[in-house]
Amino acid sequence: MSETPHLHAVRTAYDTVAVDYERLLRDALRDKPLDRAMLGAFAEAVRAGDAGPVADLGCGPGRVTAHLHGLGVPVFGIDLSSEMVAVARRTFPGLRFDEGSMTALDLEDDALGGIVSWYSIVHTPPEVLPTVFAEFHRVLAPGGHLLIAFKVGNQLRHLEQAYGHALSLDVYWMPPEEIAALLGAAGLVVDARLIREPDDQERPTQGRQAYFLARKPG
Ligand SMILES: C[S@@+](CC[C@H](N)C(=O)[O-])C[C@H]1O[C@@H](n2cnc3c(N)ncnc32)[C@H](O)[C@@H]1O
């Protein structure tokens with residue numbers, strides 16, 4: 001795996017916060033019905049397509065991997081951070097978690113029936129997104145589905161503190177039109193877009209949140 005400065009920074013930050021991230025976010029989906037609705041629609045689509053397993057790319061501690069598993073989806077997780085992967089394996093010993101980067105996936109072409117990228121592109125510099133989306137397209141089987149969650153905006157926020165730790169981490173808030181255009185340029189078709197307002201927990205520091213369902217044409 002090539003370790004560019006951005007990948008090194010993300011890996012270091014998430015290695016630092018892995019245990020506390022898991023503790024703080026383990027139940028977060030419980031209070032987010034619209035997020036669960038998009039995960040439910042994605043689960044239904046991949047189950048109906050039956051085109052292969054689903055990879056949760058940038059799975060962190062595996063909370064979304066486990067949620068999809070609970071919906072009957074054959075799913076495994078991949079994350080850049082070895083500490084996140086260790087936490088995910090400890091928390092969900094029955095599920096599979098591997099180390100890897102979305103920029104160069106160790107997966108065959110057309111291998112997956114689905115990809116979920118739940119807030120995992122938010123640390124990717126916009127100029128690297130075409131590489132990531134090309135990888136998504138390469139590893140998805142024809143007819144395979146993608147669910148992507150990201151923060152809406154047009155700014156770079158640099159964090160020096162998160163989840164109770166000092167760190168150094170860039171977060172990119174992206175315009176939905178730009179993400180749609182980049183997905184289209186990678187050969188993916190956007191089927192649905194949900195953009196919701198920040199909820200009570202998010203409102204002090206966060207803005208709108210976006211969830212796109214897309215697909216590799218069959
Ligand atoms: C905001 S966390 C989201 C984690 C998880 N999806 C969740 O919702 O709990 C971002 C995660 O993406 C991972 N990540 C960021 N860039 C990555 C890359 N290029 N390849 C693999 N994982 C990546 C980070 O290590 C981190 O665990």
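General remarks:
- Net charge dipole, the chain: roughly 500 debye, given to the nearest 20, about the Cα centre with Cβ charges of +1 for Lys and Arg and -1 for Asp and Glu.
- Accessible surface ranking that places the most exposed of ASP106, ASP200 first, with a 1.4 angstrom probe: ASP106, ASP200
- Both the radius of gyration and Dmax for the chain are 15.9, 45 Å, in that order, over alpha-carbon atoms.
- Charge dipole of the chain about the Cα centre (unit charges at C-beta), most positive-ward option of PRO74, ILE179, LEU107: PRO74
- Helical contribution to [θ] at 222 nm, DSSP H n ≥ 4, -39,500 (n - 2.57), averaged over the chain, rounded to 500: -11000 deg cm²/dmol
- Å² of accessible area per residue within region 1-139, as computed with a 1.4 Å probe and no ligands counted: 43 Å²
- Span per principal axis, largest first, for the Cα atoms of region 134-218 (Å): 44, 25, 19
- FRET efficiency for the VAL189 to ARG96 pair, using the beta carbon distance and R₀ = 41 Å, is estimated at 0.90.
- Apportionment of accessible area to carbon and sulfur, region 65-218, percent (1.4 Å): 52 percent
The values are calculated or read from the model by the stated rules, or taken from the named source; none is laboratory data. As the structure is a computational prediction, the values presented were derived from the model and not from experiment. Backbone-built Cβ (ideal geometry, glycine too); neighbour counts: all protein chains shown. Keep in mind that these areas ignore ligands, DNA and RNA; they rest on the heavy atoms of the full protein, side chains included. Shrake-Rupley method; radii C 1.70, N 1.55, O 1.52, S 1.80 Å.
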